[in-house]
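The block underneath contains the structure these notes are about, expressed in structure tokens.
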Amino acid sequence: MQLGTAVLLPALRNPVILAHVVATLDQVSAGRLILGVGIGLNVPSVHAEFQAAGVPFERRVGRMLEGLRLCRALWTGQSVNWDGRWQVEGGVLAPTPHRAGGPPIWVGGNLQSSRRQVGRSFDGWLPITPNPEAWAEQWAEVACIAREAGRDPANLTGSMYLTLSLDDNADRANERMNKFLEQYYNQPSTVIRSWQANYAGPAEGATEWLARYEKAGVHHVILRFVGDHERHLETLVAAAR
């Protein structure tokens, strides 16, 4: 069983503290941690979160990338000197992660810049937006970028973050989905559902929907259930048999 974040915003955290927390969690889980990261959605609620943390929203990409580089340097267990947004002199992290070099880092986001970062520097891609056909096209782009960077795309993981509301009554399923998304993102559900991959309806339709992503080549699916998680999981498993 894997343990992951979907997704954590490194720009909001001091990377030295983040590196220590992640290393400890990787040790506790015996190397079963996957670190899903993102820059944060461009929505009012996330802007407010950055403001409350005292972090400029417009500088979040650079902060995330530099912060993760610093984390990886500290995860080696070697003495680190860092002169950038953060200042470190002879810093040595202990304990180091269970796995040498730290846990795999999967980058969320559907922007071309996110795919470029994955192909060049990270271990996986965790988008929330594309339909299966778009996912396949964009994953081919990630693989191409990886090869150009001298990396083997076979070592990267292409995943997908999907939200489901299961109910034999489609109207009831959609009502739950809309309520959940509006509470979570503080935006109209029609706006969120226009760009975020989601399904509301009977379990049989959900299995067909998920099969399209499998056919597109998705390696790993992260399912976010709208309430009553145990019932959703049992219902989906039964429908897939």
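The values are calculated or read from the model by the stated rules, or taken from the named source; none is laboratory data. Please read all numbers here as calculations on a predicted model, not as lab measurements. Cβ atoms come from the backbone with ideal geometry, glycine included; neighbour counts cover every protein chain shown.
A few remarks follow.
- Within the range 51-63, the residues that satisfy the criterion of being part of a helix (DSSP H, G or I) and out of contact with any Gly (no Cβ under 7 Å at 6 or more places or on another chain) are Gln51, Ala52, Ala53, Phe57, Glu58, Arg59, Val61, Gly62, Arg63.
- Against the list (1) crowded, with 19+ Cβ neighbours inside 10 Å; (2) touching a Leu at 6+ places or on another chain (Cβ under 7 Å); (3) hydroxyl-bearing (Ser, Thr, Tyr), the condition Thr96 fails is (2).
- Here Glu66 meets each of (1) in a helix (DSSP H, G or I); (2) in contact with a helix residue (DSSP H, G or I) (Cβ under 7 Å, 6 or more places away or on another chain) with one exception, condition (2).
- The requirement of being of a type outside the set (Ser, Thr, Tyr), more than 30 Å from Ala238 (Cβ to Cβ) and either buried (at least 20 other Cβ atoms within 10 Å of the Cβ) or assigned by TED's automatic domain parsing to the domain that holds Ile222 (or both) is not satisfied by Ala170.
- Looking across the range 25-45, the residues that are surrounded by fewer than 19 Cβ atoms within 10 Å (Cβ to Cβ) and β-branched (Val, Ile, Thr) come down to Val28, Val43.
- Where a residue in the range 18-29 is touching a residue at least 24 places away in the same chain (Cβ under 8 Å) and under 10 Å from Trp75 (Cβ atoms) and its partner, wherever it lies, is assigned to a helix (DSSP H, G or I) and not aliphatic (A, V, I, L, M), with Cβ under 7 Å and at least six apart: Ala19/Cys71; Ala19/Trp75; Val22/Cys71; Ala23/Trp75
- Pick from the range 209-233, criterion in a loop (DSSP other than H, G, I, E, B) and in contact with a helix residue (DSSP H, G or I) (Cβ under 7 Å, 6 or more places away or on another chain), ranking: farthest from Ser165 (Cα to Cα): Gly217
- The set of residues from the range 1-23 being more than 19 Å from Ile222 (Cα to Cα) and either surrounded by 16 or more Cβ atoms within 10 Å (Cβ to Cβ) or among the basic types (Lys, Arg) (or both) comprises Pro10, Ala11, Leu12, Arg13, Pro15, Val16, Leu18, Ala19, His20, Val22, Ala23.
- If you go through the range 185-208 and keep only what is buried (at least 16 other Cβ atoms within 10 Å of the Cβ), touching a residue at least 40 places away in the same chain (Cβ under 8 Å) and outside any loop (DSSP other than H, G, I, E, B), you end up with Tyr185, Ala206.
- Between Gly90, Gly40, the distinction of being under 18 Å from the mean Cα position of the chain (by Cα), at positive phi and free of Cβ contacts under 8 Å to residues at least 40 places away in the same chain belongs to Gly40 only.
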